[in-house]
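Novice: Below is one structure. I have some questions about it.
The values are calculated or read from the model by the stated rules, or taken from the named source; none is laboratory data. Remember, it's a predicted structure, so these values are computed and weren't measured experimentally. Ideal geometry is used to build each Cβ from the backbone, glycine not excepted, and the neighbour counts take in all protein chains shown.
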Ligand code: GLA
């Protein structure tokens with residue numbers, strides 16, 4: 001959607017002649033390091049060019065009015081600054097409300113109401129972090145409108161808190177971090193225990209990253225996600241009876257293999273194995289990339305998917321079908337699911353001159369088996385949450 005169209009929508013929906021300020025937060029993909037963030041391991045995500053736009057201005061009263069062009073039938077959702085508790089009836093607006101609440105609870109002075117129009121071009125429920133994108137665009141707009149001084153990492157942590165304490169999904173810090181600190185052309189290797197990170201340029205020469213949406217909505221994601229997290233916590237507690245570790249991310253393969261018998265159930269053993277091996281794969285993946293060894297990087301992506309399928313059991317028939325189809329295509333270096341799993345998207349690194357045949361073949365195999373089509377997008381790695389000023393969008 002064009003800037004002028006968004007302005008027009010804002011003015012007509014909120015019945016104002018004022019020109020709003022515009023903010024943007026991207027979505028994200030994760031190249032490798034899945035379900036490792038809440039296990040004290042490493043992740044390797046990147047912000048993408050799809051994201052959430054928020055146009056906003058301050059009001060003279062205490063009213064908050066939210067509208068999303070993605071859910072026009074819901075209309076304006078209204079509440080007051082003095083009552084920001086989670087309200088099921090407020091649907092998607094609980095994400096920005098939660099962020100305003102979280103920032104206020106942390107002492108940031110948000111003193112007046114606002115009108116905010118949201119528009120997102122991230123495919124819905126695709127596992128590309130549309131919810132973290134709404135949280136972070138809200139953080140950026142509060143920072144801008146109220147002249148706040150807030151460290152980016154603090155804003156990221158408040159976004160995660162919204163997800164955990166307000167929405168009730170026990171997610172880790174990866175999504176908000178990738179979206180808050182994204183950098184054009186770079187992925188972020190993040191140590192989720194210390195929050196130390198470094199940017200790694202993603203230069204794939206004659207290859208591109210293709211995002212493949214299974215178009216299977218991630219419906220069970222919340223409950224199954226929390227279950228996986230609890231299983232890993234139980235496994236960690238078992239290991240801590242002997243080992244002095246803070247998280248599964250502290251373990252080497254040898255230490256894990258030597259002590260895995262301490263983990264009380266076979267299922268939890270598999271979950272912990274994934275967390276440990278995936279963390280080590282992620283660190284190795286960055287090294288391979290830095291040495292220009294794309295083939296080895298792709299192999300690690302493939303192993304990551306197998307581990308998520310067999311040990312972590314978060315893939316499902318749609319993601320497995322699509323990833324297997326991708327592996328079989330010429331010009332594919334590696335492919336895996338990305339994000340929480342249970343549907344959503346996969347990514348593949350594909351040679352540029354094979355992209356068209358890749359899309360056709362994968363889509364044919366997929367739709368024949370699953371009964372509906374997949375969607376394909378070329379990933380452009382972009383900057384993190386920010387205000388869009390004149391000429392920048
Ligand atoms: C979701 C969560 C992240 C992370 C991934 C899996 O996207 O929000 O914190 O755990 O799943 O890697």
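Novice: Could you tell me whether residue 54 is out of contact with any strand residue (DSSP E or B) (no Cβ under 7 Å at 6 or more places or on another chain) and more than 30 Å from residue 194 (Cβ to Cβ)?
Specialist: It is false that residue 54 is out of contact with any strand residue (DSSP E or B) (no Cβ under 7 Å at 6 or more places or on another chain) and more than 30 Å from residue 194 (Cβ to Cβ).
Novice: Does residue 275 satisfy being more than 23 Å from the chain's Cα centre (by Cα), in contact (Cβ under 8 Å) with a residue 12 or more places away in the chain and either assigned to a helix (DSSP H, G or I) or not assigned by TED's automatic domain parsing to the domain that holds residue 241 (or both)?
Specialist: Criteria not met by residue 275.
Novice: Inside region 155-180, can you point out the residues that are away from the ligand (no atom under 12 Å from the Cβ), at negative phi and over 13 Å from the mean Cα position of the chain (by Cα)? Steps first, please.
Specialist: Taking region 155-180 and keeping what is away from the ligand (no atom under 12 Å from the Cβ), we get 155, 157-158, 161, 165-166, 168, 180.
Adding the requirement that they be at negative phi leaves 155, 157-158, 161, 165-166, 180.
The answer is 155, 157, 158, 161, 165, 166.
Novice: Quick check on my filter: what residues within region 145-154 are over 21 Å from the mean Cα position of the chain (by Cα) and either crowded, with 16+ Cβ neighbours inside 10 Å or at positive phi (or both)?
Specialist: 145, 146, 147, 150
Novice: Out of the residues in region 289-319 that are closer than 23 Å to residue 272 by Cβ and without any contact (Cβ under 8 Å) to a residue 12 or more places away in the chain, which is surrounded by the most Cβ atoms within 10 Å (Cβ to Cβ)?
Specialist: In this case the residue turns out to be 309.
Novice: Let me ask you something else. Name the residue that is farthest from the chain's Cα centre (by Cα), counting only residues in region 95-130 that are surrounded by 23 or more Cβ atoms within 10 Å (Cβ to Cβ) and on the phi > 0 side of the Ramachandran plot.
Specialist: Filtering region 95-130 for residues that are surrounded by 23 or more Cβ atoms within 10 Å (Cβ to Cβ) and on the phi > 0 side of the Ramachandran plot, the one farthest from the chain's Cα centre (by Cα) comes out as 127.
Novice: A further question on this structure: Would you confirm whether any residue within region 336-357 is outside the structural domain of residue 126 (by TED's automatic domain parsing), surrounded by fewer than 20 Cβ atoms within 10 Å (Cβ to Cβ) and in a loop (DSSP other than H, G, I, E, B)?
Specialist: The answer is no; no qualifying residue exists.
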